[in-house]
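Just so it is clear, none of the values below were taken in a lab; they were calculated from the coordinates. None of these values were measured; they are calculated from a predicted model. Backbone-built Cβ (ideal geometry, glycine too); neighbour counts: all protein chains shown.
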Amino acid sequence: MSVTSTTEFVIPKCTGKAFRVEQGQLLRVIQHEGKQVAGLIFLNAHNFKEQFMAEFSGGLSFFHPAHLGSHYKAAQLYSKVPYERIMLTVTDNPVGDHFLGPHCTKTMMDIWDAPGHRSCSDNFSDALSEFGMELEDIYSPSVLNAFANVSIDPNGDGSVNIAPPRSVEGDYIEFRAEMDVLAVISVCPDDVSAMNDHSCKAIKIQIIDP
Ligand SMILES: [Zn+2]
């Protein structure tokens, strides 16, 4: 008889949370109500300098022979140089929408004519503070924006298009941790753009011990 234990919790809308995922465990990021983006950062739980690097992971996936011709999509999540190790592997991703790029920030909100609006920066700051870190301890503002329906250059004119997420309640993306990691998650508080379909919702997390 195989025993599977699952830890489950909900991260409320417009907040951030950090928690550990041990090597071999599965992490599921789940749509609690649907059409909500979760920004994901990962750090080596034993060395916070070793951090997930979104663009690097996208580039390696793009150039990997197994993925040639596919989209700019992360299959393996690598840590930044000089580490360059696989931190997590995407094991299930039925919807397949995510954006390897920047999270929303104070300046982004200014540009969107919403000065002072809460951003993913605030969520990450809150989450990191529980582990004695600040936003400036994070190497890059680029993250894995799970469920984001962002397309780059859809019309061949260099524009970036943000469309409402296609994912609905119960949709998920699943990762297997290849090392002990600290997962830092921002439930994106952007109701200004179409990123979260103009309303902020919660995100559900499952950590599964296979
Ligand atoms: Zn955001």
Pull out a ≥ b ≥ c, the square roots of the eigenvalues of the alpha-carbon gyration tensor of the range 1-54, then state rounded if a/c is under 1.5, prolate if not and a/b is larger than b/c, and oblate in the remaining case.
oblate
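Assuming R0 = 25 Å, what is the FRET efficiency of E178 and D126, from their Cβ-Cβ distance, to the nearest 0.05? Don't skip to the end; give the middle numbers.
Details: r = 27 Å, r/R0 = 1.08.
Efficiency at R0 = 25 Å is approximately 0.40.
Structure shown: which of K17/K201; K80/K106; K13/K49; K49/K80; K13/K106; K49/K204 lie over 21 Å apart, alpha-carbon to alpha-carbon?
Values: K17/K201 15 Å; K80/K106 25 Å; K13/K49 28 Å; K49/K80 9 Å; K13/K106 18 Å; K49/K204 27 Å.
Listed pairs above 21 Å: K80/K106; K13/K49; K49/K204.
Given the range 5-209, what whole percent of its Cα pairs are spread farther than 20 Å?
On the way: 11209 of 20910 pairs.
That fraction is 54 percent.
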Give me a comma-separated list of calculated 3J(HN,Hα) values for the range 77-83, in order, Karplus coefficients 6.51, -1.76, 1.60 applied at θ = phi - 60°, integers in Hz, x for any Gly or Pro.
9, 9, 7, 5, 5, x, 6
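Can you give the calculated 222 nm mean residue ellipticity of the chain, where each DSSP H run of n ≥ 4 adds -39,500 (n - 2.57) and the sum is split over every residue, rounded to the nearest 500 deg cm²/dmol?
Working: 3 runs with 26 residues, N = 210.
For the chain, the value works out to -3500 deg cm²/dmol.
Quote to one decimal, in nm, the extra length available between F48 and Q206 on full extension: 0.36 nm per residue of separation minus the C-alpha distance between them.
Numbers: separation 158, 0.36 × 158 = 56.88 nm, distance 2.27 nm.
My answer for the length gained is 54.6 nm.
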Taking other Cβ within 10 Å of each residue's Cβ, how do T91, T15, T4 sort, fewest first?
T4, T91, T15
When C104, C200 are ordered from fewest to most other Cβ atoms inside 10 Å of their Cβ, what list results?
C200, C104
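How would you order 31-40, 162-171, 137-146 from highest to lowest mean count of nearby Cβ atoms within 10 Å?
Working: 31-40: 23.1, 162-171: 16.4, 137-146: 20.9.
Per-residue Cβ counts within 10 Å, averaged per peptide and sorted highest first, yield 31-40, 137-146, 162-171.
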Footprinting proxy, K13, K201: sorted fewest to most Cβ within 10 Å, the residues are K13, K201
